[in-house]
2 protein chains.
Amino acid sequence: MTTIYDIARAAGVTATTVSNVLSGKGSVSSATRARVMQYAEELNYSPNLVARSLIKGRTGVLGLVFPSIDNPFYAEITAAMERLAYQAGFRIFVSTFSNGDQTGQKMLKDLALRRVDGVIIFSAAISLDIIHAMALPHLPIIYCLEEEMQACPFPALSYNFFQGGQLAGEHLLSLGHRHIGLLTHMTDEGEYCHVARVKGLQAALATYNLELDSRLVKNGISSVEPGKIVGRELLTQPNRPTAVFATNDMMAIGLMAAAWELNIQIPRDLSVIGFDGIAISRFTTPPLTTIKIDIDRLAAEAINLLLHNIENPLSSQTIVLPAQLLAGASTGPLHL
Amino acid sequence: MTTIYDIARAAGVTATTVSNVLSGKGSVSSATRARVMQYAEELNYSPNLVARSLIKGRTGVLGLVFPSIDNPFYAEITAAMERLAYQAGFRIFVSTFSNGDQTGQKMLKDLALRRVDGVIIFSAAISLDIIHAMALPHLPIIYCLEEEMQACPFPALSYNFFQGGQLAGEHLLSLGHRHIGLLTHMTDEGEYCHVARVKGLQAALATYNLELDSRLVKNGISSVEPGKIVGRELLTQPNRPTAVFATNDMMAIGLMAAAWELNIQIPRDLSVIGFDGIAISRFTTPPLTTIKIDIDRLAAEAINLLLHNIENPLSSQTIVLPAQLLAGASTGPLHL
DNA sequence: CTGAAAGCGCTAACAC
DNA sequence: GTGTTAGCGCTTTCAG
């Protein structure tokens with residue numbers, strides 16, 4: 001690896017001059033500039049960004065922390081953010097929880113050791129206290145997609161999950177469904193991960209003087225296979241629902257797969273509504289009705305916030321964007 | 001940010017001793033060890049991995065270069081590799097071509113500047129010459145998933161795409177199909193990106209004395225939306241095929257969506273076979289018959305090769321793994 | 001067992 | 001215009 005010293009020696013100047021030439025700073029005579037450039041080329045020089053990072057105190061790297069890239073929802077977010085970050089001259093470290101023993105705290109810690117310039121966190125699996133502790137020595141952090149945005153000691157960005165759940169419920173109710181099932185994700189302690197979405201559904205039911213029927217509530221992990229397994233349970237029990245709200249699209253797709261195996265026609269025999277609006281939801285058969293989270297908007301706002309936060313510490317603020325109903329063909333009027 | 005000097009000053013020792021304590025090297029009296037540890041804790045010390053990287057000449061970072069993380073195939077690969085890399089103490093930079101102007105060469109160059117310890121490349125979009133040039137100053141590179149593995153000047157790893165295409169063709173032929181369509185991905189110059197898969201199909205056809213009917217060949221980008229658009233063209237033309245080989249699963253899913261809109265039943269009216277075996281292909285309706293690339297195997301072999309290559313330059317070698325038919329319900333016997 | 005000195009590759013003041 | 005000096009935070013000989 002050739003260094004600026006190699007070039008300096010070859011060109012008969014000092015390292016500073018080489019640095020000045022390469023960075024375009026200071027003033028250098030065009031003669032030496034040319035000479036330096038030529039040797040840089042000849043010696044196939046490439047700057048060592050590690051050294052530059054050390055001195056600048058900036059690495060030009062952002063950390064992304066989220067549960068699993070296997071879920072297209074996060075894959076799409078990663079794609080969008082990587083693109084935007086790249087345009088701003090940043091690289092991305094991906095850190096997912098799929099790493100077995102890897103706790104959120106460890107992941108954050110490691111990113112800090114590597115001196116990333118900022119971090120975007122998705123997931124409730126990391127407590128706000130821990131994040132706060134990391135953020136204190138000014139590690140810029142943007143916290144995304146928390147279900148219920150509380151007062152947050154650092155900048156946060158989310159969608160209105162409650163409203164989304166409500167939209168889903170209202171949609172099914174307006175189609176005449178009263179026997180509504182729920183496919184959702186709870187923690188081991190029995191709390192809903194998708195708690196705000198569920199509360200939104202409950203609020204919608206309440207306006208019809210209905211309550212969530214616990215026999216129609218099934219719990220799985222936010223992925224397609226569990227969605228199918230648990231969906232099958234939901235569909236094979238005695239008094240099965242006429243419509244199901246799956247709190248994310250992957251579970252909804254799993255549910256549709258279960259329905260297909262059971263020869264239950266969608267939407268004739270069963271309406272299904274998802275949540276997220278991932279790209280592939282437009283291409284299932286039938287196309288999924290879902291609550292859309294605008295991923296491009298999310299990515300743009302998050303990266304923007306983060307880059308600002310890196311420049312000068314940002315006052316903690318919370319942005320909550322609206323969720324939207326995205327009509328498909330997986331929901332239809334109740335048939336008696 | 002506290003440094004080892006801060007600790008040294010507080011503990012009344014020198015930075016060397018602190019370094020020794022923290023790294024567990026050298027020999028330090030248990031008294032000073034304890035003292036140093038205590039101050040490290042108290043001052044909330046965290047080592048600067050950038051500095052360590054500079055001195056060690058190792059960053060503990062691997063670069064992953066591929067076309068698009070939006071395709072679940074690559075998302076799954078990324079997930080698997082990230083997990084394995086993490087276990088070996090490495091972080092991952094993701095670099096995708098979705099970055100507009102970003103050429104493969106630029107991406108590689110940038111990863112080199114950042115002094116990644118090694119790179120895994122997917123995609124034919126980077127010429128072997130360029131990769132070779134990068135690999136020369138010993139940047140360990142593993143080249144993955146080239147359609148037709150030629151003699152490669154650096155370690156490479158692929159699946160037998162020709163055989164995969166052949167399996168797909170044989171499968172459809174054995175079901176009685178003779179009027180077989182192809183949904184594939186070509187470059188602007190008209191070359192097939194999925195050239196080996198197509199050749200495999202042609203080989204299978206040849207054993208039945210058949211040839212690829214150019215009217216039944218449609219070209220799109222390896223994604224679900226183009227698959228649907230182009231699939232619709234294929235299905236609405238006069239003499240439509242009874243079976244279609246889509247050279248990746250996302251296009252196959254797009255094709256199935258087009259069939260659904262046209263009220264063409266799968267597999268009764270149309271057989272569809274895909275390629276890749278992405279997770280979601282097991283949950284489409286009907287589940288997709290496809291040619292499976294074992295992603296976990298691929299990830300494990302690639303990471304292994306790369307880590308070995310990092311330790312000591314590896315002789316260039318090419319591993320080609322077999323592709324497998326994964327039966328679904330999207331293909332069935334020809335109905336007349 | 002501990003410390004002094006040098007250096008990884010680069011940049012930033014400040015002289016000259 | 002160009003060079004000198006110092007230093008980012010850490011590790012690594014090598015003395016003592």
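The values are calculated or read from the model by the stated rules, or taken from the named source; none is laboratory data. Everything quoted here is computed from the prediction, not taken from an experiment. Note that each Cβ is placed from the backbone with ideal geometry, even for glycine, and that neighbours are counted across all protein chains shown. Protein only, heavy atoms only, side chains kept; ligands, DNA and RNA dropped before computing areas. Shrake-Rupley method; radii C 1.70, N 1.55, O 1.52, S 1.80 Å.
Charges at C-beta only: +1 for Lys and Arg, -1 for Asp and Glu. How large is the resulting dipole of chain A about its Cα centre, in Debye rounded to 20?
It comes to approximately 900 debye.
Leaving out same-chain residues fewer than 8 places away, which aspartates and glutamates sit with a Cα under 16 Å from that of residue A:56?
A:117, A:311
For the range A:218-227, in order, what is each residue's ³J(HN,Hα) by Karplus, 6.51 cos²θ - 1.76 cosθ + 1.60 with θ = phi - 60°, in whole Hz (x at glycine and Pro)?
Karplus values, whole Hz, x for Gly and Pro: 10, 10, x, 8, 5, 9, 6, 5, x, x.
Just A:249, A:70, A:269 to compare: in a GNM of chain A, with alpha carbon springs under 10 Å, which one fluctuates most?
A:70
Stokes-Einstein at 10 °C, 1.306 mPa s, Kirkwood radius from Cα pairs: D for chain B in µm² s⁻¹? Please list the in-between numbers first.
Working: Rh = 22.5 Å.
Diffusion coefficient, whole number: 71 µm²/s.
Which distances in nm, rounded to one decimal and ordered from shortest, link the label point of residue A:138 to the equivalent label points in the other identical copies, with labels set 7 Å from Cα toward Cβ?
With the label placed 7 Å along Cα→Cβ, residue A:138 yields 4.0 nm.
How much length is gained on full extension from residue A:300 to residue A:327, taking 0.36 nm per residue of separation minus their Cα-Cα distance?
Details: separation 27, 0.36 × 27 = 9.72 nm, distance 2.44 nm.
Gain on extension, residue A:300 to residue A:327, equals 7.3 nm.
Which net charge results for the neighbourhood of residue B:211, defined as the other residues with beta-carbon distances under 15 angstrom from its beta-carbon, given Lys and Arg at +1 and Asp and Glu at -1?
Local charge sum for residue B:211: +2.
Which whole-number percent gives the relative contact order of the range A:1-83, counting Cα pairs below 8 Å spaced six or more residues apart?
Details: 50 pairs, mean separation 21.0, N = 83.
After rounding, I find 25 percent.
Taking only protein heavy atoms and a 1.4 Å probe, what accessible area per residue, in Å², does the protein assembly as shown have with all protein chains in place?
Values: 28240 Å² over 672 residues.
I get 42 Å² per residue for the protein assembly as shown.
Only Lys, Arg, Asp and Glu count, each charged at its Cβ (+1, +1, -1, -1), so figure out the dipole size of the protein assembly as shown about its Cα centre, rounded to 20 debye.
Dipole magnitude for the protein assembly as shown comes out near 1240 debye.
Do the alpha carbons of any pairs in A:25/B:25; A:25/A:109; A:199/B:228; A:109/B:25 sit beyond 32 Å of each other, and which pairs?
Values: A:25/B:25 42 Å; A:25/A:109 36 Å; A:199/B:228 37 Å; A:109/B:25 23 Å.
From the list (A:25/B:25; A:25/A:109; A:199/B:228; A:109/B:25), the Cα-Cα distance tops 32 Å for A:25/B:25; A:25/A:109; A:199/B:228.
How big is the protein assembly as shown on each of its three principal axes, counting only the C-alpha atoms and giving the largest first in Å?
82, 67, 49
Return the ratio Rg/(2.2 N^0.38 Å) for the range A:4-47, where Rg is computed over Cα atoms only. Present the calculation step by step, with values, prior to reporting the outcome.
On the way: Rg = 8.9 Å, N = 44, 2.2 N^0.38 = 9.3 Å.
Expressed relative to 2.2 N^0.38 Å, the Cα Rg reads 0.96.
For residue A:192, list long-range residues whose amide hydrogen, built 1.01 Å from N in the peptide plane, is under 5 Å from its own amide hydrogen.
Amide H to amide H, under 5 Å and 5 or more residues apart or across chains, residue A:192 pairs with A:187.
If you take each beta carbon of peptide A:218-227 and count the beta carbons of other chains within 10 angstrom, what is the mean?
Details: counts 0, 0, 0, 0, 0, 1, 4, 4, 0, 1.
Across A:218-227, the average partner-chain Cβ count within 10 Å equals 1.
Please give the solvent-accessible surface of residue B:179 in Å², to the nearest 10, using a probe radius of 1.4 Å with every protein chain present.
50 Å²
Quote the relative contact order of chain A in percent (integer), defining contacts as alpha-carbon pairs under 8 Å separated by 6+ residues.
On the way: 614 pairs, mean separation 55.7, N = 336.
Across chain A, relative contact order equals 17 percent.
If I take R0 = 22 Å and measure r between the Cβ atoms of residue B:103 and residue A:44 in this structure, what FRET efficiency does the formula 1/(1 + (r/R0)^6) give, to the nearest 0.05? Each step should come with its number before you reach the end.
Values: r = 19 Å, r/R0 = 0.86.
Calculated transfer efficiency: 0.70.
Limiting things to C-alpha atoms, what are the Rg and the maximum Cα-Cα separation (Dmax) for the range A:248-336, in angstroms?
17.9, 61
For residue A:289, enumerate residues with amide H under 5 Å from its amide H, sequence gap 5+ or separate chain, H modeled in the peptide plane.
A:274, A:328, A:329, A:330, A:331
Shielding by partners for B:111-121, please: the mean number of other protein chain Cβ atoms within 10 Å of each residue's Cβ. Spell out each step's value before the answer.
Values: counts 2, 4, 6, 9, 7, 1, 0, 0, 0, 0, 0.
Mean inter-chain Cβ contacts per residue within 10 Å come to 3.
Considering every residue in B:281-289, what mean count of other chain Cβ atoms within 10 Å of its Cβ is obtained? Mind dumping the intermediate values first?
Working: counts 0, 5, 13, 8, 10, 4, 3, 0, 0.
Mean number of neighbouring Cβ atoms from other chains: 5.
State the percentage of accessible surface on the protein assembly as shown attributable to carbon and sulfur atoms; use a 1.4 Å probe and exclude ligands, DNA and RNA. Don't jump to the answer; show the numbers that get you there.
Details: 14610 of 28240 Å².
Carbon-and-sulfur percentage of accessible area, whole number: 52.
With only alpha-carbon pairs counted, each pair once and no self-pairs, how large is the Kirkwood hydrodynamic radius of the range A:161-293 in angstroms? Provide the component values of the computation, followed by the final result.
Numbers: mean 1/r = 0.0708 Å⁻¹.
One over the average 1/r among Cα pairs gives 14.1 Å for the range A:161-293.
Only bridges with both residues in the range B:199-336 count here: give the DSSP antiparallel percent, nearest 5.
Numbers: 3 of 10 bridges.
Looking only at bridges with both residues in the range B:199-336, the antiparallel portion is about 30 percent.
Just to confirm a number: summing +1 for Lys and Arg and -1 for Asp and Glu over residues other than residue A:323 whose beta-carbon lies under 11 angstrom from that of residue A:323, what do you get?
Details: positive: A:197, A:292; negative: A:276, A:294.
Net local charge, residue A:323 excluded: 0.
Debye calculation, C-alpha points only, no solvent: report log10 I(q)/I(0) for the range B:46-166 at q = 0.09, 0.12, 0.20, 0.22 Å⁻¹, in the same order as the q values.
At q = 0.09, 0.12, 0.20, 0.22 Å⁻¹ the computed log10 ratios are -0.26, -0.46, -1.22, -1.40.
Considering amide H positions built from the backbone, and no H for Pro or chain starts, which residues 5 or more places from residue A:181, or on another chain, come under 5 Å of its amide H?
HN-HN under 5 Å from residue A:181: A:242, A:243, A:244, A:245.
Quick one: label points 7 angstrom along Cα→Cβ at residue A:319, distances to the other copies in nm, smallest first?
Distances to the matching label points in the other copies: 4.4 nm.
What trypsin sites (Lys or Arg not before Pro) in the range B:251-307 are in a loop by DSSP, with at most 13 other Cβ atoms within 10 Å of the Cβ?
Details: sites: B:268, B:282, B:292, B:297; in loops: B:268.
When the trypsin sites (Lys or Arg not before Pro) of the range B:251-307 are filtered for loop state and at most 13 Cβ neighbours within 10 Å, B:268 remain.
With θ taken as phi - 60° and the coefficients 6.51, -1.76 and 1.60, list the Karplus ³J(HN,Hα) couplings across the range B:57-69 in order, rounded to whole Hz; mark glycine and proline as x.
x, 9, 9, x, 10, 10, x, 10, 10, 7, x, 6, 8
When only the heavy atoms of the protein chains count and the probe is 1.4 Å, how do B:5, A:159 rank by accessible area, highest first?
Working: B:5 140, A:159 5 Å².
Largest accessible area first, the list is B:5, A:159.
Which distances in nm, rounded to one decimal and ordered from shortest, link the label point of residue B:43 to the equivalent label points in the other identical copies, with labels set 7 Å from Cα toward Cβ?
Nearest first, the other copies' label points are 3.6 nm away.
Return the chain A residue and its Cβ-to-axis distance, rounded to the nearest Å, for the rotation relating A to B.
A:75, 2
Quick check on chain B: helices-only [θ] at 222 nm, where DSSP H runs of length 4 and up contribute -39,500 (n - 2.57) each and the sum goes over total residues. Nearest 500, please.
Values: 12 runs with 142 residues, N = 336.
Result for chain B, helices only: -13000 deg cm²/dmol.
Using alpha-carbon pairs under 8 Å, 6+ residues apart, how would you state the relative contact order of the range B:182-310 in percent? Don't skip to the end; give the middle numbers.
Working: 184 pairs, mean separation 26.3, N = 129.
So the answer I get is 20 percent.
For the B and A pair, go ahead and give the buried accessible area with a 1.4 Å probe, both sides summed, in Å² to 100.
On the way: alone 16660 and 16670 Å², together 28240 Å².
For chain B against chain A, roughly 5100 Å² becomes buried.
Charges on Cβ only, +1 for Lys and Arg, -1 for Asp and Glu, centred on the Cα centroid of the range B:161-293; of B:180, B:161, B:266, which one is farthest towards the dipole's positive end?
B:266
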